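The values are calculated or read from the model by the stated rules, or taken from the named source; none is laboratory data. From a predicted model like this one, the values you see are computed outputs, not experimental measurements. No Cβ is skipped: glycine too gets one built from the backbone with ideal geometry, and neighbour counts run over all protein chains shown. Side chains included, ligands, DNA and RNA excluded: accessible areas come from the protein's heavy atoms. Shrake-Rupley method; radii C 1.70, N 1.55, O 1.52, S 1.80 Å.
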Amino acid sequence: MKKRFKLMLWTLLLALLVVHVGTNEVSAKEFTDVPKKHPNYAAIQEMQKAGFISGYPDGSFRPHEPVSRKHVAVLLDRALNFPQPATAEVVFKDVPKSHAYYTPIMKLYNEGIVSGSNGKFNPESSVTRIQMAKMLDLAFEFNMTEHAGFYDLLVTHWGYVHANALFSHGVTKGDHGHFKPNDQVTRAHYAEFLNRAIHAHAAQPEGDQMNKDRALDKVHRLTSSIERIFLLSEENHQTFDQVRPEFLQYATAGYVDGMIAKVYRGEYDDLQYVHHALHAEVQLRFDFSQPDPNTLHVETIQFRNINDDTGGFVHAEFTKESGQWKIADYTVDFPGTKNFQLTVDEAKFAIEDEYRRHGFQDVRVRFVSKTPVTGSDYTTHETYTFDQYNFIVDSNIGRDQLKFNSDSGLIH
């Protein structure tokens with residue numbers, strides 16, 4: 001599917017380039033209610049030139065009207081040209097074969113992009129921002145390469161990974177640290193999101209060969225999915241046996257029964273990535289290898305958390321089963337005599353990332369000094385010396401003085 005998408009998208013971008021540099025004969029019409037100063041003007045014009053969106057007979061676009069599920073289906077189909085359904089069947093009670101949008105809706109269903117609810121697709125219903133995120137993420141096969149840290153979208157939300165995948169590619173930026181998952185998507189906003197998605201997908205490497213972004217996607221998306229099930233099971237007082245089938249969607253049976261089950265039995269305190277997602281670490285130290293097409297090894301680091309003893313050298317393994325990647329192993333070795341030895345520049349990068357992820361603006365980090373500090377190896381109890389860096393951080397809310405441990409990434 002990726003190769004077909006890539007061909008379609010590059011053809012589209014080439015056509016749009018010709019349109020932009022061509023004569024007035026190929027220029028798009030102006031909508032009466034979308035002036036050039038409209039924040040989504042450029043995207044609306046580009047999508048209209050490509051033939052993906054159109055206005056109404058009176059010359060308006062009605063940018064502030066909510067976009068419907070049926071229109072999202074047809075716009076995605078126009079952009080990506082999904083294959084025709086193999087057979088004409090009725091899956092949704094409210095989308096019979098005679099429905100005007102039956103074909104594009106069924107195309108999305110066959111691609112696994114939509115599933116409906118209680119046997120219905122609800123074609124006339126408006127689309128929320130989180131529903132849009134899921135459809136665009138699945139349709140364009142984005143990689144979740146980072147956690148946005150939206151205040152109103154916790155990891156327990158079913159759409160967490162989809163919103164963060166879009167954020168990773170600049171398709172959505174949020175609003176002052178909020179994603180607003182339940183807000184309706186307007187026609188203007190959807191034109192903007194679709195336009196960004198098309199360009200972001202076209203910029204991704206061709207083929208199915210493993211690269212850093214795809215390896216990061218396995219680390220972030222699968223651990224987030226496992227964390228969601230784990231936290232919800234705690235909240236709902238479910239046993240391991242009750243949620244085991246859900247874990248098996250994202251992890252191998254060996255990992256589920258050999259690691260996750262031990263957490264439920266109290267043999268381990270927690271899973272290393274629960275409440276402790278990777279952020280700046282993967283931008284500083286991240287290596288991956290693929291001994292065979294169905295196995296992925298990842299080596300990275302996890303900063304120590306001031307609230308607990310997690311953190312260390314991460315060793316993760318992923319296995320592809322029936323075309324789906326799953327966690328096969330995830331262990332963390334505590335730093336000690338062997339530690340991160342983070343540089344001043346790496347510490348500065350991590351601090352800037354921490355502040356900006358939490359919505360601080362105009363962040364300026366200044367190195368002041370370093371102090372030798374003695375630590376104790378968690379396993380051998382052998383003492384060792386590391387540099388503790390002292391920084392001053394200025395931002396829109398004032399000035400902070402903080403320390404950064406070079407051995408473990410602990411910020412305090």
**Request:** State, as an integer percentage, the relative contact order of the chain based on alpha-carbon contacts under 8 Å between residues 6 or more apart.
**Result:** 11 percent
**Request:** Would you mind putting 55-64, 145-154 in packing order, based on average other-beta-carbon counts within 10 Å, highest first?
**Result:** 145-154, 55-64
**Prompt:** Which far-off residues, 5 or more places away or on another chain, put their amide H under 5 Å from the one on Ile301, with H placed in the peptide plane?
**Reply:** Arg285, Val314
**Asked** Over the chain, what lengths in whole Å, largest first, do the semi-axes of the equivalent ellipsoid take, defined as the square roots of 5 times the eigenvalues of the alpha-carbon gyration tensor?
**Response** 43, 27, 19
**Item:** Restraint check, Lys218/Lys320; Lys107/Lys134; Lys212/Lys403; Lys262/Lys338; Lys262/Lys320; Lys212/Lys320, Cα-Cα greater than 20 Å
**Value:** Lys212/Lys403; Lys262/Lys338; Lys262/Lys320
**Fill in**
Taking protein heavy atoms only, a 1.4 Å probe, and rounding to whole percent, the accessible area of the chain owed to carbon and sulfur comes out at 49 percent
**Message:** Under 10 Å, Cα contacts only: if you run a Gaussian network model on the chain, which one of Asp345, Asp77, Asp394 comes out with the highest mean-square fluctuation?
**Reply:** Asp345
**Request:** Name the residue farthest towards the positive end of the dipole of the chain from the options Ser376, Pro104, Tyr355, assuming +1 on Cβ of Lys and Arg, -1 on Cβ of Asp and Glu, about the Cα centre.
**Result:** Pro104
**Request:** In a Gaussian network model over the chain where Cα atoms closer than 10 Å are linked, find which of Ile392, Ile53, Ile351 has the largest mean-square fluctuation.
**Result:** Ile392
